[in-house]
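Derivation of every value follows stated rules applied to the coordinates shown; laboratory data play no part. Keep in mind it's a predicted model, so treat the numbers as computed, not measured. Cβ sites come from the backbone with ideal geometry, for glycine too, and all protein chains shown count toward neighbours.
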Amino acid sequence: MSLTDFPGLSLALGSGAARGLAHIGVLNTLDKAGVKIDAISGCSIGAVIGGFYAAGKLAEAEEYYRNMDRGDVIRNFDPIFPSGGLINGRKIIHSFREIVGDIRLGETNIPFYPVATELTTGETEVLADCRLWEAIRASISIPGLFKPYRLKKKWYVDGGLTNPVPVDVLKSRHGSSQIVAVNLNLPPSAYHRSWIKPLGAEADDKVFLDRFPAMKAFLEKKGIALLPKEEKPGMLYTLNRTFHIFQYEIAWRSIEMTKPDYVITPILPDLLFYDFHKADQAISEGKHAAENFLSEWRKQNPGHSTPK
């Protein structure tokens, strides 16, 4: 018996910005082990990578991210402040659309359920009857960072705001499948707010924006003053730290409530939300976390092995 003899595995891919590139390593490792994936749900970066996988384009996505350097990250940030967010998102989606084309939800190789948060009601919605890239754009709309996305007369923001690890979406649709949550946040045993560094070199907006000269030039052109370094949090420092805190709290509460069969947790405490140029590190950790999952499964099921 091998993992291919399971009734099926369905994956809920969680949000977490650049840390979500670990999903690539998880999916590649499960594929290599011969695991059959019945369905995927995902939000934010989980919708991005899950969508690529469901469309049969994971290899292209991996190549895209592995070839990305810091300059590419900066060029993908097309500033529009003030207009509902700091970043338009057109450049990023143009790149995604080049990979997946205009395939629609329902036309993917396996069932795929991207989730986003409807801005008016605050409710989680499983997107359907639209193009894959449109669903991805809606799901990645981090409030305050990306401009909300309008789809079918509704405005959407990041699915991670309300359902960062959408296990419930799979339970209601694929109840006979074993459900694996891939959570990008630190587990309780390791959670000491370790990624929130002491105020220092990254605490003020000026030093933070030095990494993004295009955004810095844009703000200066608009006459938005950049305060000198002070021993207090700056705007972007606060945005990054707040993102990590609320993602952790919501994600683990969601997992406790929905009770997936398994949880895979890549540990990437040092990656910031914009570190998409560190794909090698994230993918490697995803591979490591998935290998640990397979090893634990073998221990729980002695006498069974996965394909070589």
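Laid out as a table, the results:
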item	result
Peptide ranges 115-125, 42-52, 16-26 listed from the most packed, as the mean C-beta count within 10 angstrom indicates	42-52, 16-26, 115-125
³J(HN,Hα), Karplus 6.51/-1.76/1.60, whole Hz, each residue of the range 246-260, x for Gly, Pro	5, 4, 4, 4, 5, 4, 6, 5, 4, 5, 4, 7, 8, 6, x
Residue-wise HN-Hα coupling along the range 265-274, computed from phi with Karplus coefficients 6.51, -1.76, 1.60 (Hz; x: Gly, Pro)	10, x, 9, 9, x, 9, 7, 8, 5, 9
Residues whose placed amide H lies under 5 Å from that of I87, excluding near-sequence neighbours	I80, F146, K147
Sequence ranges 256-264, 33-41, ranked by mean other-Cβ count within 10 angstrom, highest first	33-41, 256-264
Relative contact order computed over the range 4-72 (Cα-Cα under 8 Å; 6+ residues apart), in percent	37 percent
Nonlocal amide H pairs with W155, under 5 Å, H built at 1.01 Å	L119, T120
Derived scalar couplings ³J(HN,Hα) [the range 91-100; Karplus, 6.51 cos²θ - 1.76 cosθ + 1.60; whole Hz; x for Gly, Pro]	5, 5, 5, 4, 5, 5, 5, 5, 7, 9
Long-range amide H partners of Y113 with built H, under 5 Å	I40, S41, G42
DSSP-assigned coil residues among chymotrypsin sites (Phe, Trp or Tyr not before Pro) in the range 126-191, each with at most 16 further Cβ atoms within 10 Å	Y191
